[in-house]
1. Using DSSP to call loops (not H, G, I, E or B), can you name the trypsin sites (Lys or Arg not before Pro) in region A:682-777 whose Cβ has at most 12 other Cβ atoms within 10 angstrom?
2. Quick one, what does Rg over Rh come out to for region A:136-291 if you take C-alpha atoms and the Kirkwood Rh?
3. Using the alpha-carbon atoms, what tilt in degrees (0 to 90, nearest 10) does helix A:629-650 show relative to the longest principal axis of chain A?
4. So what are chain A's ellipsoid semi-axes, whole angstrom, largest first, if each one is the square root of 5 times an eigenvalue of the alpha-carbon gyration tensor?
5. For residue A:540 and residue A:506, what is the calculated FRET efficiency with R₀ set at 25 Å and r taken between the beta-carbons, to the nearest 0.05?
6. In nm, what is the difference between 0.36 nm times the number of residues separating residue A:670 and residue A:206 and their Cα-Cα distance?
7. For helix A:57-72, report the angle its Cα long axis makes with the longest principal axis of the Cα atoms of chain A; keep it between 0 and 90° and round to the nearest 10°.
8. Along Cα→Cβ, 7 Å out, is where each label goes; now give me the distance between the ones at residue A:733 and residue A:465 in nm to one decimal.
Amino acid sequence: MHPMGWDAFGLPAENAAMEQKVHPREWTYENIAAMKAQLKLLGLSLDWTREFATCDPDYYHQQQKLFLDFLQAGLVERKTAMVNWDPVDHTVLANEQVIDGRGWRSGALVEKRELSQWFLKITAYAEELLRAIDGLDKWPEKVRLMQRNWIGRSEGLRFSFELENEAGTAVDEPLMVYTTRHDTIFGATFCAISPDHPLALRLAKDDPALAEFRRECAALGTSEEAIERAEKKGYKLAFYARHPFRAGVRLPVYVANFVLMSYGEGAIFGCPGHDQRDLDFARAYGLDVIPVVAPRDADPAGFEVGTDAFLDTEGADVAMINSDFLDGLSVEEAKSEIARRMEAAGTGERTVNYRLRDWGISRQRYWGCPIPMIHCEVCGTVPVPKSDLPVLLPDDATFDRPGNPLDHHPTWKHVNCPECGRPATRETDTMDTFVDSSWYFARFCSPRAADVVDRDAVEAWLPVDQYIGGVEHAVLHLLYSRFFSRAMKQVGYGDIEEPFAGLFTQGMITHETYRAGDGRWLFPDEVDRQADGSVTERATGEAVDVGSAEKMSKSRKNVVSPEGILETYGVDAARWFMLSDTPPERDSEWTEAGVEGAWRLIQRLWRLVHQVAALAPPAGTAKPDSFGTEADTLRRAVHRALNSVTQDIERLRFNVAVAHIYEAVNSLSAAVPDGNGGIAADLAWALREAGEIIVRISAPMVPHLAESCWRALGHDTLLARQDWPQAEPELLIESTITIPVQVNGKRRDEVTIARDAAPSDVEAAVLELEAVRRAIGDKPVRKVIVVPQRIVNVVA
RNA sequence: GCGGACGUGGCGGAACCGGUAGACGCAAGGGACUUAAAAUCCCUCGGGCCUUGUCCCGUGCGGGUUCGACUCCCGCCGUCCGCACCA
């Protein structure tokens, strides 16, 4: 099954609506029609009977049902949270959608805002999503690693410090911290809490200086963090934390800009000796640095930490120092001992933390799937009953002002509460479009099912055998989809955990850029390449600056129009070129010369097939009993190529497959007699065989040409329906082989010998060789290494 | 800063488990055909040497392991990607 559909909700449609005064739906379906027409020209074997768009009411109807199922299963949560606010798109972004502090689509600097949001509880599956990565053995290691890092599991200890005020009086509120380095507790010299920590919030109310410090931190927040990162800043509170194991020792407590509220407890203890951030902070504020881990052979008294924290604990032979009852223990032993004591005392517990956060899906936009919830003053937030679904988008929205058109709409949000019947309002947020793309593959299994999916169809088809996409989806789409398939299983939509068994991340087609002297970008068809390799602007004849190959983009004009290529060279030339040069996982540069090369191959193959058709016996002629040397040589070359191409395609090494097809074509060219004399029957038969095999194995790349060639060879069937040919095993094995001969590792000659010759015979033959004897000279032969069918090396 | 990948001719790239480095294509140069051009076909195409060979050097740099290293190990240099103070 090779279906195609459209991920069609999202901002571009809405932006077009604002800029061009066209309704998002109209704009979207027009684009779909245009893209579908282009795709059809490419001759891809797509199953269009399963086509749908995520903005089809039927699709988002099912998605709303799914949302309600997740809600019931406890996988949906509404909570206030600090969110990433995109001030240009006027919407909320997930962490994953913020790149270098900027919105992934708008590029605007993202602000922090506190909003009430809908969340999918992906963290409920954090452990499972991490564990199951091990089983994804047909995924690129790179993507698996990125997901592991993204989930970011850590094992640590959660424990509380008792606080006291300046005078030493206990304060009736413990400070909870999280650490993975509880072994370093004796090196603790301060505590720090996040500017967003509840304690900081409360204290700031009566402390204008602290309030100001918090504002500074918020402003630094996401912007220019690259510059500000180095600077560690803190605000000292009038509290002290009592050291849990050192009676009478108290640690100053700071509000510090480098402590994140969203991870762990939003509070830490600082151990400057063994954490670079803590060390930077300690140096800035004149705090003590107590080393507590040192190489086992170092002198504890003389061991000091300078400007670099001592972090070398993994694998190295280190031991605890300056740590009372921990002295001499390894890091691991010390961790266990501290955890044991704290758990026994009831002041701490071992916990596991994840970097992964819950997935905020609320977007303040029109062109998305409405979240089927209703806010009632009396009943609270209640789900729309399934029988009332779908919650359809209103057609008559307006797009002439910023903010959410659903919220602006005069009537749409006003409904009666499904529980008490009183006037209430709809949720006006729509879902993140990553929700739409998190389960479409399941819908493809039964695209017209009345329910979310047909369970049997899902179990019959999924997981997807070979999923293909760009690396840009390595953590976003691919992690969400893995979560969705598990969540769908939990609420009863089939037994699938992993949606994609095999993953392949393909590269992009790039093109070099052209820039005129005055800075204008030029389209590729606005420039000429001169014989000396320089490039000039066609209109002016002026020299043009040629930039490196980059992702095609309208702004840099380094684009080529598919229509133009198809008109000039045809789709097969375009397909052949895209596959021929570069491995599919890498970016591939589109060049005029490259397409012309592909076009030449197509002409050449066409001519060759017609020559063969004129010489060869009719299709289906019985295979001769024996073949002469010429015919045999051709057959061996073609069958070897067939064998290679078959493997290359299986392994998605299309550029290598193309190279092997070229080799077969070259062999066939060489075998076609150029005179117009007679031709031996066995060679004629071999020519046909070679022509048919070459046509068949090139069909995946150049299907239209291949069908025409198939007809030219006298067939009236569809080549696409022919079985893939099988190489004859005996043609892949040579009875005599030529292997290189080395003397002391340097190639001196080669020897042609029976393939299965005994090593002793090979050795004898090699020592007879003139070149070998000369290379050995008068040195004694110490050893002869014979690697059967590979190489011989004489050591003298 | 942490993690990862990669570095091969003028270019894109081949080279299986450590066994002839540069397959195949592009570009370039030369030749044939042609009145001429296009197309096509043939030849050359990593570097060096007034030594042209049965030669020497060569897969980012420096070491190492091995009979043998583009491939494995150690240390550098460079490029690209991911993460971004995750305690």
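1. A:755
2. Ratio of gyration radius to Kirkwood radius: 1.02.
3. The angle comes out near 10 degrees.
4. Values: eigenvalues 739, 354, 140 Å².
That gives 61, 42, 26 Å for the three semi-axes.
5. Numbers: r = 38 Å, r/R0 = 1.52.
The calculated FRET efficiency here is 0.10.
6. Details: separation 464, 0.36 × 464 = 167.04 nm, distance 9.16 nm.
Gain on stretching residue A:670 to residue A:206: 157.9 nm.
7. Once rounded, one gets 50 degrees.
8. About 3.0 nm, to one decimal.
The values are calculated or read from the model by the stated rules, or taken from the named source; none is laboratory data. Here the structure is a predicted model, which means the values were calculated and not measured. Neighbour counts run over all protein chains shown; Cβ positions are idealised from the backbone, glycine included. Just so you know, the surface numbers come from the protein's heavy atoms only, side chains and all, with ligands and any DNA or RNA stripped out. Shrake-Rupley method; radii C 1.70, N 1.55, O 1.52, S 1.80 Å.
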